[in-house]
Amino acid sequence: GWSRFIACMLQESSDLRDPLNPAENANSAATFGGLSVPHQITSMFSKVQNSNLGVALTSVRSKIRPWVTDFGAVSQFTRPGDDWATRLRINVTYYKGNYGIIFTGFVIYSIISNPFLLVSIILLLGAWSWLLGMRPRLEDGSIAPVTVGGRVLSGFEQKVGLGAFTLLLMMITSLGSTIFWALGASMFFIVAHAITHKTDMHEVDAEQFGVPGQFTPSDAAA
């Protein structure tokens, strides 16, 4: 009867016996799309999400305006006049999320177009991820030490060594010049877009422009 059914549900193999079992939750958190994901990777992504970088990325994503009906609306582009400086100031603030995506796109294109640079970045990301959060652990739970020539390196020495290797690889692959090219190309596009896109249809929180209440950015230019 019911007593037998309940007893079966509370067997050792049943999740209902302890639905908040940490081990069960850990196992469920370590799967994605039916594939097993190492705990170090999920932990690393969790740290990034909760860090200042994660908060900044979330903030930028919330500022992205509609690409077709707003950012790229053909009817909103006109030849810039005496108000070009006002357009530039307002649009850079209003479309900062979109401009951030565009800059990222230029960076990604620059990296993909240089296979050696792409491989170098993948290696560096893997090395830093391994050093900061994916290193194996010993039986007592401590992180396995890094030894070079029989000498155990301290955490500071490990970071300095990998940092020096990173700088060397950046110089060899011209990563700095690639970033500057992406920055220059994106800045040219951003300025051209900002000074030719009208601002009278923007509906925003005026606190972004230093005045209280809701308004259209064209009010700020008045």
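What follows is calculated from the coordinates using simple rules that are stated; it is not laboratory data. Worth saying up front: this structure is predicted, and the values here are computed from it rather than measured.
Points to keep in mind about this one:
- The amide H of V146, built 1.01 Å from its N in the peptide plane, has L153 as neighbours under 5 Å, considering only residues 5 or more places off or on other chains.
- Rounded Å value of the spacing that divides the Cα centres of the stretch 138-181 and the stretch 84-109: 34
- Working note: Karplus 6.51/-1.76/1.60 with θ = phi - 60° gives the stretch 185-193 the couplings 5, 5, 5, 4, 5, 4, 5, 4, 5 Hz, where Gly and Pro are set to x.
- Across the stretch 166-173, coupling constants 3J(HN,Hα) worked out from phi with the 6.51/-1.76/1.60 Karplus curve, θ = phi - 60°, read 5, 4, 4, 5, 4, 5, 5, 8 Hz, and Gly and Pro carry x.
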